[in-house]
Every structure is written in C-alpha cells, then in structure tokens.
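The values are calculated or read from the model by the stated rules, or taken from the named source; none is laboratory data. Being a predicted model, the structure only gives us computed values, none of them experimental. Don't worry about glycine lacking a Cβ; one is built from the backbone with ideal geometry, like all the others, and counts go over all protein chains shown. Heads up: the accessible areas ignore ligands, DNA and RNA and are worked out on the full protein's heavy atoms, side chains in. Shrake-Rupley method; radii C 1.70, N 1.55, O 1.52, S 1.80 Å.
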Amino acid sequence: MIAAPVAAREVTDSAGRVVEVPEQVERVFAAGPPAAILLYILKPEAMTGWPRAPHEYERPYLAEPWRDLPETGRLTGRGGEANLERVLQIAPDLIFDFGSVRDTYVDLADRTQAQTGIPYVLIDGRFENTPAALRLMGDILGVPERAEQLASHVEQVFARIDAILDDMPEAERPRVYLARGPEGLETGMKGSINTEIIERAGGRNVADDGGATRGLVRASMEQVIVANPEIIVTWDRNFFASVFDDPLWQGIGAVQEGRVHLAPTAPFGWIDRPPSLNRIMGLIWMAGLLYPDRWQGDLRAETRDFYELYYHVRLDDPALERLLEWAEGRPPE
C-alpha cells in the first residue's frame, strides 16, 4: 500500500529561509530550551519531549501530562548533545529553534534539515520580536488564535512599560546589574538576550562597553565595584544567600540598601534561564521593582493569571505563595 503524500506549504522563517512544512504539524522537536518553552506555551500537545527533564521543584508549575514527557537533549546552545539518530527515532514533523538567527544557527538548521529530511525553522527570539514570533509560530503550528491571544498580552505589557518610561530620561533610570552564578560575577552585556529584560523594563544595564562586547561575560569584582549598581537582580540562590554577608560586596549601593532581588525559576526563570517567553513574567516583576511608584499592578493577581494563560496551570494558594515568597528572597527548601 502506498502512503498518501503529506500536504505541505511554504513558510518563511525569521532568518528569511523558505521552508516547506506539513499542512498539519502534530509532532515537533524543540532544538533547545527556549524553543521548548515557546512550544509548550503555544501547543503543548505537539511536544515530543523536554531538552532537559523538569526538576522536582519545577513540576508543580507545569501542567499534566506534559511535565512527564521524556528528556530529548538539545541540538543548540551549551551542551548540544542530541544526536540526529535520536531525532530520527522521535520522527517529528518539524524541528525549530527560538533565539538567535545568526549564521551559525542558519548553518545548523540547513545541515540538520538536509541530513534528516525534516523541516527546520528558525524563530527570532529577541524580546522586541516576541509578538511577531508568537504569530509566526502560531501560524506554522496551526494555532493562530492562541498565538494572537498571547501576542496581544505581550503587547499590552510592553505598552504599560512604555507609558511609564515615556517621560523618564535615560539618565534618571535605575542602574542595574544582573548577577549570575554563585559568585554573582557572570553577567550579560547590554543588548544581550540575557539582559534584554533589564533594558526593556527601563533599567540601565551597568555592563555596557558601548557595544564592543556581546553576550555573557565574566566580570571582575573591581568592575562591579566601579559600576556600583543601584539594583542587583539574580536567580542564583547561593549568591543571594551570601551577598549581604560577603565583605567584597559590602561597598556596593544595592547591597547596602537591601536592593538585591531574587527571581523565581519555577518552572522557568523569570529573568532568563532560558531566555524565552518566561521573561514576560519577569518583565512584569521587574517593572514593579524598578518603578514601584509608577507600575500599576498586583503581583499576586498577575502571577496567577500569567501561569494560567502561559503555562496552563491554575495555581492554588500554597503554590502561589511559594512563588511570591521566592520573589521576596525566601526560596523553597
């Protein structure tokens, strides 16, 4: 018996590549964690697994049955260990990545597509591109209404922040440092995908060399002292637990004034880790941190609504309290 040909259509991805994808996309391989989050938010029933299986503390914030999907590994980013044999075993209708669309990623997409025969699309993961990314991927996945609902929400959040910043001169905006890792000395340069949330919320990223350096870097303690940020944000529990007693950090204004803030990471980080749609929740939180007198919002209500709209879970009171306490510097044990 000869199988009927699969109906296909052409789409143009964010890198300008014309890719032929099935008319009905039912099984999708996410090339990395940012793509997996976008897929989970848009069309969880199309997931074939997680690049990394959820940790136990993350599971209550993911909807059943998707929290139990298998670990697939990743094709892109740090530790890209998924091999093509595994991808072929999974037999997805589509592979996609969400993030950078630089030449390196275009080359990987082209090679993987040629070797597997599986269409591979790239979606631009820059913060400002989020509504367009949602609409493009929603069209590819066949869920345009869901994509429009989410894109409209993102645009509303952006508009609320723009209204706050409209009459706020750059020089008067708070100076912010992103502290990554247990020592707090890994950070993202201004313009990096990891710190877009700071800049989009109206903070001035102190890791700024005029664009000469991009991405994640290792800072020295001396550089942080000279930068003297007014606010420090981190997702690292170990750094947060030690920073107020660490003599190296005592001369920094943010530490002296108690303005070091810990972001939750369940089920995904509010700052980055990874830099995907999860950053919209972090943007809401950070706007309140940076502009408490201007931001009009109820973090409790907005957190519950966000998790229901994006993550398909209606948080009960204990789960919500754990997140809010975490955001106040008291993470779960």
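Worth pointing out:
- Across q = 0.23 Å⁻¹, segment 209-330 modelled as identical point scatterers on its alpha-carbon atoms has Debye log10 I(q)/I(0) values of -1.43, in the order of the q list.
- The modelled label-to-label distance between Glu333 and Gln250, using points 7 Å beyond Cα along the C-beta direction, is 3.1 nm.
- The chain, helix-only ellipticity at 222 nm - DSSP H runs n ≥ 4, -39,500 (n - 2.57), divided by all residues, nearest 500: -11000 deg cm²/dmol
- Values of log10 I(q)/I(0), in the order q = 0.17, 0.20, 0.21, 0.25 Å⁻¹, for segment 82-170 under a Debye, Cα-only, solvent-free model: -0.82, -0.98, -1.02, -1.19
- Rg/Rh ratio calculated on Cα atoms of segment 1-100 (Kirkwood radius): 0.99
- With the convex hull drawn over the C-alpha atoms of segment 50-133, the volume per residue is 130 Å³.
- Mean projected area (nm²) of the alpha-carbon convex hull when segment 107-223 is viewed from all directions: 10.4 nm²
- Antiparallel bridges, percent of DSSP beta bridges restricted to the chain (to nearest 5): 30 percent
- Placing a pseudo-label 7 Å from each Cα along the Cα-to-Cβ vector at Gln89 and Glu10 gives an inter-label distance of 3.6 nm.
- Largest mean-square fluctuation among Gly269, Gly99, Gly181, in a Gaussian network model of the chain whose springs join Cα atoms under 10 Å apart, belongs to Gly181.
- These residues, Leu88, Leu62, go from largest to smallest accessible area, 1.4 Å probe, as Leu88, Leu62.
- Listed residues Glu58, Glu85, Glu321, most fluctuating in the chain (Gaussian network, C-alpha, under 10 Å): Glu85
- As a fraction of the 1.4 Å probe accessible area of segment 139-211, surface on carbon and sulfur atoms comes out at 47 percent.
- Separation between Cα centres of segment 120-148 and segment 170-186, rounded to whole Å: 30 Å
- Normalised per residue, the accessible area of the chain is 45 Å², obtained with a 1.4 Å probe and no contribution from ligands, DNA or RNA.
- Over all projection directions, the Cα-based convex hull of the chain averages an area of 17.9 nm².
- Remark on segment 38-190: ratio of C-alpha radius of gyration to 2.2 N^0.38 Å is 1.24.
- Solvent-accessible surface (1.4 angstrom probe) belonging to Glu56, in square angstrom, nearest 10: 140 Å²
- Per-residue SASA remark: Leu84, around 50 Å² accessible (1.4 Å probe; ligands, DNA and RNA not included).
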